[in-house]
Amino acid sequence: MSKTINIRFYEELNDFLTRNKRKVAFNHTFSGNMSVKDVIESLGVPHTEIDLILINGESVNYNIKPGNGDFVSVYPVFESLDISNITKLRPEPLRHPKFILDVHLGKLAKSLRMLGFDSLYQNNFEDDEIIEISISEKRIILTRDLGILKNSKVTHGYWVRSQKPKVQVNEVVKRFDLTKQIEPLNRCIECNGKIVEVEKEQIADLLKPKTRKFFQNFDQCSNCKKVYWEGSHYSKMLDKIDIFRNGMQAQ
Ligand SMILES: [Zn+2]
């Protein structure tokens, strides 16, 4: 017995569909007992690209068999919507976006690192290099240069609208629904390395005498070895992070 559903694919999942099925809801008839996963893959969309399936507005898993007349919506991994509350397909519900920034966005890179986001940046990256790294490491390209995004090889990129670094941070956090993923002081501002706790004895040689005298707890970048501690620099960063957070809530 055949069934007919009304199905729509979102964002880049449309790349897998034939032209007449892109960005519209369409009726699809299939035979018998197919699971929603099989139906979707029979239309050409690999399940690895999918983060969320809704049937009649409810989040479902791959094995559900859609009923006749059901409305099915299918969302990709990189959909910006924060769907962590309703997704059922992945044990780790929300993706953790990683970025690569073009050469004009150094300040934005530092701010994103301050909030704990994996943000690759070098002021000597060539466009081709940025694109290659984006593809091989699944990083979203952040750029003020539309030219990069027009390259047909680019799959995930975002054109940063604002020219002001502080506004840019808000823009990116909003666009990718990152508010809940902010983990301050988790990434090295200078090099994007992971920050880890370190025993004072291990880094004592690197400290100035006053710092050694007045502070006990230290963190260190696992990559460039920069030492962080709760001195004035640290509290300034926390103040900035508070400002980011408050600004985001106000919006
Ligand atoms: Zn570092």
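What to note about this one:
- Test: Cys221 is within 16 Å of the ligand (Cβ to nearest atom), surrounded by 17 or more Cβ atoms within 10 Å (Cβ to Cβ) and either polar (S, T, N, Q) or within 21 Å of the chain's Cα centre (by Cα) (or both): no
- Filter result for Asn192 (of a type in the set (S, T, N, Q), at positive phi and in a loop (DSSP other than H, G, I, E, B)): yes
- Among the residues of the stretch 198-233, those that are of a type in the set (Gly, Ala, Ser) and part of a helix (DSSP H, G or I) comprise Ala204, Ser232.
- Of all residues making up the stretch 128-149, the number that are open to solvent by 90 Å² or more (accessible area, probe 1.4 Å) and in contact (Cβ under 8 Å) with a residue 24 or more places away in the chain: 1
- Hey, Gly69 more than 24 Å from Val167 (Cα to Cα), out of contact with any His (no Cβ under 9 Å at 6 or more places or on another chain), open to solvent by less than 70 Å² (accessible area, probe 1.4 Å) and modelled with pLDDT of 90 or more or not: yes
- Selected residue (criterion: farthest from Tyr158 (Cα to Cα)) from residues of the stretch 183-218 that are within 16 Å of the ligand (Cβ to nearest atom) and β-branched (Val, Ile, Thr): Ile203
- Candidate set from the stretch 35-63 (those that are modelled with pLDDT of 85 or more and of a type in the set (Ser, Thr, Tyr)); member that is surrounded by the fewest Cβ atoms within 10 Å (Cβ to Cβ): Ser42
- Leading residue by the ranking (farthest from Arg113 (Cα to Cα)) among those in the stretch 192-205 that are of a type outside the set (D, E, K, R) and open to solvent by 40 Å² or more (accessible area, probe 1.4 Å): Gln202
- Residues (surrounded by fewer than 20 Cβ atoms within 10 Å (Cβ to Cβ) and either within 16 Å of the ligand (Cβ to nearest atom) or not in a loop (DSSP other than H, G, I, E, B) (or both)) located in the stretch 159-182: Trp159, Pro165, Lys166, Val167, Asn170, Glu171, Lys174, Arg175, Thr179, Lys180, Gln181
- The stretch 150-178, residues that are in contact (Cβ under 8 Å) with a residue 40 or more places away in the chain and over 12 Å from Leu105 (Cβ atoms): Thr155, His156, Lys166, Asn170, Val173, Lys174, Arg175, Phe176, Asp177, Leu178
- Residues that are outside any strand (DSSP E or B), among the basic types (Lys, Arg) and modelled with pLDDT under 85 occur in the stretch 149-156; there is at least one.
The values are calculated or read from the model by the stated rules, or taken from the named source; none is laboratory data. Note that this is a predicted model, so its numbers are computed, not measured. Reconstructed Cβ throughout: ideal geometry from the backbone, glycine too, with neighbour counts over all protein chains shown. For the accessible areas, the whole protein counts, side chains as well, though only heavy atoms, and no ligand, DNA or RNA atoms are used. Shrake-Rupley method; radii C 1.70, N 1.55, O 1.52, S 1.80 Å.
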